[in-house]
Amino acid sequence: MAIKKHKVHAVLVGFGWTGAILGQELTEAGLHVLALERGGMQDTPKDAEYPKVIDELAYSVRGKLFQDLSKETVTIRHGVDDVAVPYRQNGSFLLGTGVGGAGFHWNGMHYRALPEELELRTRYETRYGKKFIPEGMTIQDFGVTPAT
């Protein structure tokens, strides 16, 4: 016997912050939405309560909320002509997993950008010259400064 699924208007792949906001907007517009998420359910009131939320061993050392790169990974290349190679371990680039993803893990916090990061292209060109950045690279200034 065939399994009949409910019809939906939109499928969201990933239900972190962006997916949740988009899902709310679409459902408020009357659409039927299905959200798919890799990983388990995270119940914010239960899973993020104190002192559980500051379990350094579970989260910082064992990476409980990060993607298990042995099961599914992303690739990286250091230059346009390089062969893409898979990430083997988490480093400075941490992918979240489960409902809420990295947004759940980082509690919605983002470190303040340094002035150097906001004016990256200008600073590189000033220090190394305009030819330092290869043609086609998307390095750019953000258009705002800490003063604005």
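For the subset of region 2-28 comprising residues that are small (G, A, S) and outside any strand (DSSP E or B), which member is surrounded by the fewest Cβ atoms within 10 Å (Cβ to Cβ)? In this case the residue turns out to be A2. Only a single criterion out of (1) in contact with a Pro (Cβ under 7 Å, 6 or more places away or on another chain); (2) surrounded by 10 or more Cβ atoms within 10 Å (Cβ to Cβ) is not satisfied by T75, namely (2). The one condition from (1) under 25 Å from Q89 (Cβ atoms); (2) loosely packed, with under 10 Cβ neighbours inside 10 Å that G39 does not meet is (2).
Take the conditions in a loop (DSSP other than H, G, I, E, B) and more than 22 Å from the chain's Cα centre (by Cα) and apply them to A147. Does it pass?
Details: in a loop (DSSP other than H, G, I, E, B): yes; more than 22 Å from the chain's Cα centre (by Cα): yes.
So A147 passes the test.
Going by the structure shown, is L31 assigned to a loop (DSSP other than H, G, I, E, B), under 20 Å from the mean Cα position of the chain (by Cα) and hydrophobic (A, V, I, L, M, F, W, C)? It is false that L31 is assigned to a loop (DSSP other than H, G, I, E, B), under 20 Å from the mean Cα position of the chain (by Cα) and hydrophobic (A, V, I, L, M, F, W, C).
A short reminder: the numbers here are calculations on the coordinates, not readings from a lab. Because the structure is predicted, anything quoted here is derived from the model rather than measured. FYI the Cβ positions are ideal-geometry reconstructions off the backbone, even for glycines, and counts take in every protein chain you see.
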